[in-house]
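What follows is a set of notes on a single structure, which appears directly below.
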Amino acid sequence: MATRLRPVDIVIVGMGWTGAILAKELAETGLKIVALERGGPRQTDPDFQEPHKDDELRYAIRTELMQDVQRETLTFRNGAGETALPMRRLGSFLPGEGVGGAGVHWNGVTWRWLPWDHQARTRTVERYGRRIIPPEMNLQDWPVSYAELEPYYDKFEYMCGVSGKAGNIAGHLQPGGNPFEGARRRDYPNPPLPQSHAGALFDAASRALGYHPFPAPAANASRAYVNPDGVQLGACHLCGFCERFGCEADAKASPHFLLLPLARRNRDFELRTHARVLKVDLDAARRRATGVTYLDVRGRAFEQPAELVILAAYALNNVHLMLLSGIGRPYDPRTRTGVVGRNYAYQIGGGATVFFDENTWIHPYMGAGGLGVAIDDLSADNFDHGRFGFIGGASVSCMSSSGRPIQARPVPNGTPSWGSAWKAAVKRHYNHTLGIGLQGSVNAYDRNYLDLDPTYRDAFGRPLLRMTFDFHDNEKRMANHIADECVRIGEAMRGLGNVLQVQRGAPPARYSIVPYQSTHNTGGAVMGTNPQTSAVNRYLQSWDVPNVFVTGACAFPQNAGRNPTGPVGALAYWAAEAIKTRYLRRPGPLVRA
Amino acid sequence: MSRDSASAGRGVDRRHFVAAAGAAGFAGALPAGAPALAQHGGHGAAPARAAASPPPAGYVFFMPPEARFVEAAVDVFIPHDDVGPGGVEAGVPAFIDRQLAGAFGRGAGLYLQGPFADGAPTQGYQLPLTPAEFYRAAIREIDELCRREHDGKRFDELPAATRDAVLLALREGRAALATLPGATFVALLLQNAIEGYFADPIYGGNRDMGAWRMIGFPGVGGMYATAIEEHRNAPMAVEFRSIADMQR
């Protein structure tokens, strides 16, 4: 039986980006706050120091900083007619585990989502009519507009020290920036990172085709920087060990050094690591959370009573905890009713690889997670979809993130998988190849969802989360169209360097859990204005259990074609302010259903 | 520049290795680490490297027939040639041996609770075996297959072209093992061989950073904030550096 602990005011589940933002923002209330993190403590020194930090096998291949699926995984199937089987090894996505969460091992690409992304349904219907939306697609607006979230995007970017170039300051377009972005109040806190040769080629080629390239926004500081909270970031070395690794220089923004020390200024804040929350405890009516039950580092069960529970685990894990706890009505795909697990979405990839002669030097190992050049011309609704008939788009970029050779060994199609010819091709192309990638949006569908698996259990005896997901025709047509555009950009490099070959990277026909694609899982506990089609309100507060808030990308009604950490961070600040200024003064629903 | 001089310096060692390997052969009883280790010792004449203890020779996990199999398979995947070091001389079999003896081989990061079913390819690995168990069982079955189809000869006794054909047939599903999915095993073996070839030398493969020198990957501890613009579209002299180099 669980030992009951002394009650506290607030419990935060998870110490990644959103948990740390909440902990820091609520610190000044002086309330008694306990944060529970399933993984261990981590600090820049010694955890992420050279040289052990640059160990590709340990961190990128054996995934030391990520969720241990031996203990806790999910099951997966492409469709409801199949039997879901466990994801026995990490692959398609890499949730974090330990202090800082995935905020330790991310690349640092920090987009704002477009105003259109916040109003995808309204603007689609306005421009194309209702009939463009397939009946099986759940296209929903955000309950928070871009303009409402702008101050919080700004706050997150300045906290992280994002390097970039504004494209639209208060409605005035800025040369060299992204002309499609929503209006921002001011430029990024740091100038863009230096440009790689690959980036320069992409910049020139895409510009020649009439596109509008700009430096990708990167939470890799281009110079030493002190953020508004007084925290020092170092200048990025461009070491090329970024995604899947910690940062030795504190140049890549991460909650473990940017936020956690500030949360600790509240003497009544306590972080318990190796504390795995099993469920949220509810009252008999399931209208009020009484606290959480967790296992401590020795495996002992504790009940931590709290007045307010904030679920700040990874998107998938938040949905898992809601289902295990009975918070909100689980989604039923047969009736299309219920909300928890509904609108799970992902992203779709593809692109082009450009092979050059040996006089073109790419130096792929010089890089940072967010170093690159992007175009937004093909994102969201930035181009006329009328003749295509699909909804959504993709950011297209040429990133110089890494040339770590266990993973990064581009060879032309037709190269044997092994042997001398393979070796020769690896050697020949390693330093003379670049990639153009598309990050495609994925909308939500009635048959893509999350629920509890009927068969498999985790090491703690709980049913695993079950993911039912596949790509739909809308997304495949979109991604194939944009993959063709990536090839066009590659072909446009022929005038800039001696291009041997442009190879198309086809988007997948079916979703597979095996190859790494993107740790941008969204939905399952989406925000909205209607409790019939959303699990949380615009402040990320559960409609059903109002003393539970659920942060993170699980709140996104559908996925966009850009990295989610910007809006994840902005929404966490937005929710923190609502909790601080409104909820704590008068606990209860912040929005009437 | 330094890449050129480095690989020129290694030419002597490589010839030395060829002679040793030619004597022992891949079917010989000598573990591949033995000649390669001698090579490493000879190369460690530079004072800066003398402090590093060479990786110990021999196998922890593999039984002798398994060692012969893995050496013979790695020789197919990453042969010795003029392009760059062969996988065997680079220590890849020793790398795989150490990986299988350790956490990876014992199933770290692998969910192994049942029930088990084959599933669809999109659902990934579904065997109830740890990597170490999988190697042990699959090697036995591949040797059985080879004996049946190649005049009683084990995999490692076959000429390189035949070994290549056996692995390719398994990979493409044209040959079947008695009980195990051959394609899944060949994919794992190839992945582990590539890991060993390109991982930091601290794990026993990529000896003397030979694979990194081959492609021009400088290794760990890089600082390129100014180099990226100074060497834009131009070659750069690279100083190769491993984890052990930086720990000294």
Notebook entry, point to check: Picking from B:100, B:129, which residue would you name as being more than 7 Å from chain A (Cβ to nearest Cβ) and in a helix (DSSP H, G or I)?
Noted result: B:100
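Residue check: is residue B:244 more than 23 Å from the chain's Cα centre (by Cα) and of a type in the set (A, V, I, L, M, F, W, C)?
no
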Notebook entry, point to check: Limited to segment A:133-177, what total is found for residues that are in a strand (DSSP E or B), of a type outside the set (A, V, I, L, M, F, W, C) and surrounded by fewer than 18 Cβ atoms within 10 Å (Cβ to Cβ)?
Noted result: 2
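For every residue, the table says whether it meets (1) under 22 Å from residue A:220 (Cβ atoms); (2) part of a loop (DSSP other than H, G, I, E, B).
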| position | (1), (2) |
| --- | --- |
| A:358 | no, yes |
| A:363 | yes, yes |
| A:377 | no, yes |
| A:388 | no, yes |
| A:398 | yes, no |
| A:401 | yes, yes |
Notebook entry, point to check: Residues of segment A:234-269 being under 17 Å from residue A:64 (Cβ atoms) and either acidic (Asp, Glu) or within 12 Å of chain B (Cβ to nearest Cβ) (or both), which ones?
Noted result: A:241, A:242, A:243, A:245, A:248
Note to self: Residue under question is residue A:462, and the condition is that it be more than 30 Å from residue A:133 (Cα to Cα), among the basic types (Lys, Arg), modelled with pLDDT of 95 or more and surrounded by fewer than 20 Cβ atoms within 10 Å (Cβ to Cβ); does it hold?
What the structure shows: yes
Margin query: Of the conditions (1) within 14 Å of chain B (Cβ to nearest Cβ); (2) in contact with a Phe, Trp or Tyr (Cβ under 6 Å, 6 or more places away or on another chain); (3) not β-branched (Val, Ile, Thr), residue A:382 satisfies every one except a single condition; which number is it?
Written below: (1)
Margin query: Between A:3, A:73, which is touching a residue at least 60 places away in the same chain (Cβ under 8 Å), within 24 Å of residue B:127 (Cα to Cα) and either more than 23 Å from the chain's Cα centre (by Cα) or buried (at least 18 other Cβ atoms within 10 Å of the Cβ) (or both)?
Written below: A:73
Next item on the list: Have a look at B:152, B:114 and point out the one that is without any contact (Cβ under 8 Å) to a residue 40 or more places away in the chain, away from chain A (no Cβ under 14 Å) and surrounded by fewer than 17 Cβ atoms within 10 Å (Cβ to Cβ).
Entry: B:152
Note to self: For segment B:224-233, which positions are within 7 Å of chain A (Cβ to nearest Cβ) and among the charged types (D, E, K, R)?
What the structure shows: B:229, B:232
Next item on the list: Hey, could you check segment B:187-207 for residues that are surrounded by fewer than 22 Cβ atoms within 10 Å (Cβ to Cβ) and over 14 Å from residue A:55 (Cα atoms) and say which is nearest to the other protein chains (Cβ to nearest Cβ)?
Entry: B:190
Notebook entry, point to check: Which members of segment A:510-531 meet the condition of being away from every other protein chain (no Cβ under 14 Å) and assigned to a loop (DSSP other than H, G, I, E, B)?
Noted result: A:518, A:519, A:520, A:521, A:523, A:524, A:525, A:526, A:528, A:529, A:530, A:531
Check: Counting just the residues of segment A:76-89 that are of a type outside the set (D, E, K, R), in a loop (DSSP other than H, G, I, E, B) and at the interface with chain B (Cβ under 7 Å from one of its Cβ atoms), which one comes out farthest from the chain's Cα centre (by Cα)?
Finding: A:83
Item checked: Considering residues of segment A:191-202 that are within 13 Å of chain B (Cβ to nearest Cβ) and buried (at least 21 other Cβ atoms within 10 Å of the Cβ) only, the residue nearest to residue A:152 (Cα to Cα) -> A:192
Margin query: Between a residue in segment A:111-129 that is crowded, with 21+ Cβ neighbours inside 10 Å and any residue that is assigned to a helix (DSSP H, G or I) and hydroxyl-bearing (Ser, Thr, Tyr), which pairs come within a Cβ distance under 7 Å, given they are 6 or more apart or on different chains?
Written below: A:112/A:153; A:118/A:146
Next item on the list: Give the residue, chosen from B:236, B:246, that is under 25 Å from residue A:362 (Cα atoms), at the interface with chain A (Cβ under 8 Å from one of its Cβ atoms), surrounded by fewer than 23 Cβ atoms within 10 Å (Cβ to Cβ) and aliphatic (A, V, I, L, M).
Entry: B:236
Notebook entry, point to check: If you check residue B:171 against the conditions, is it of a type in the set (Lys, Arg), within 12 Å of chain A (Cβ to nearest Cβ) and buried (at least 16 other Cβ atoms within 10 Å of the Cβ)?
Noted result: yes
Notebook entry, point to check: Just for segment A:444-462: of the residues that are away from chain B (no Cβ under 12 Å) and outside any loop (DSSP other than H, G, I, E, B), which one is nearest to residue A:344 (Cα to Cα)?
Noted result: A:449
Checklist line | Output for segment A:42-63, where each listed residue is within 14 Å of chain B (Cβ to nearest Cβ) and either in contact with a Cys (Cβ under 9 Å, 6 or more places away or on another chain) or outside any helix (DSSP H, G or I) (or both) | finding: A:48, A:49, A:50, A:51, A:53, A:54, A:55, A:62, A:63
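Looking at the structure I just gave you, is residue B:160 surrounded by fewer than 23 Cβ atoms within 10 Å (Cβ to Cβ), among the aliphatic types (A, V, I, L, M) and either without any contact (Cβ under 8 Å) to a residue 60 or more places away in the chain or in contact with a helix residue (DSSP H, G or I) (Cβ under 9 Å, 6 or more places away or on another chain) (or both)?
On the way: surrounded by fewer than 23 Cβ atoms within 10 Å (Cβ to Cβ): yes; among the aliphatic types (A, V, I, L, M): yes; either without any contact (Cβ under 8 Å) to a residue 60 or more places away in the chain or in contact with a helix residue (DSSP H, G or I) (Cβ under 9 Å, 6 or more places away or on another chain) (or both): yes.
When the stated conditions are applied, residue B:160 passes them.
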Item checked: Extreme residue, farthest from residue A:473 (Cα to Cα), among residues of segment A:358-381 that are surrounded by fewer than 22 Cβ atoms within 10 Å (Cβ to Cβ) and over 22 Å from the mean Cα position of the chain (by Cα) -> A:359
Checklist line | Inter-residue pairs, beta-carbon under 6 Å, first under 24 Å from residue A:17 (Cβ atoms) and in segment A:286-315, second of a type in the set (S, T, N, Q), 6+ apart | finding: A:289/A:547; A:291/A:304; A:292/A:304; A:308/A:547; A:311/A:318; A:312/A:18; A:312/A:551; A:315/A:521
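For segment B:103-143, which positions are of a type in the set (Ser, Thr, Tyr) and touching a Gly at 6+ places or on another chain (Cβ under 6 Å)?
B:130, the sole residue that qualifies.
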Next item on the list: Within segment A:176-197, identify whether any single residue is among the hydrophobic types (A, V, I, L, M, F, W, C) and over 23 Å from the mean Cα position of the chain (by Cα), and answer yes or no.
Entry: no
Check: From the list B:196, B:152, B:216, B:221, which one is of a type in the set (Gly, Ala, Ser) and within 18 Å of the chain's Cα centre (by Cα)?
Finding: B:196
Notebook entry, point to check: Only one residue in A:96, A:101, A:39 is at positive phi and more than 12 Å from chain B (Cβ to nearest Cβ), so which one is that?
Noted result: A:101
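The values are calculated or read from the model by the stated rules, or taken from the named source; none is laboratory data. No experiment lies behind these values; they were computed from the predicted model shown. Glycine also receives a Cβ, built like all others from the backbone with ideal geometry; neighbour counts cover every protein chain displayed.
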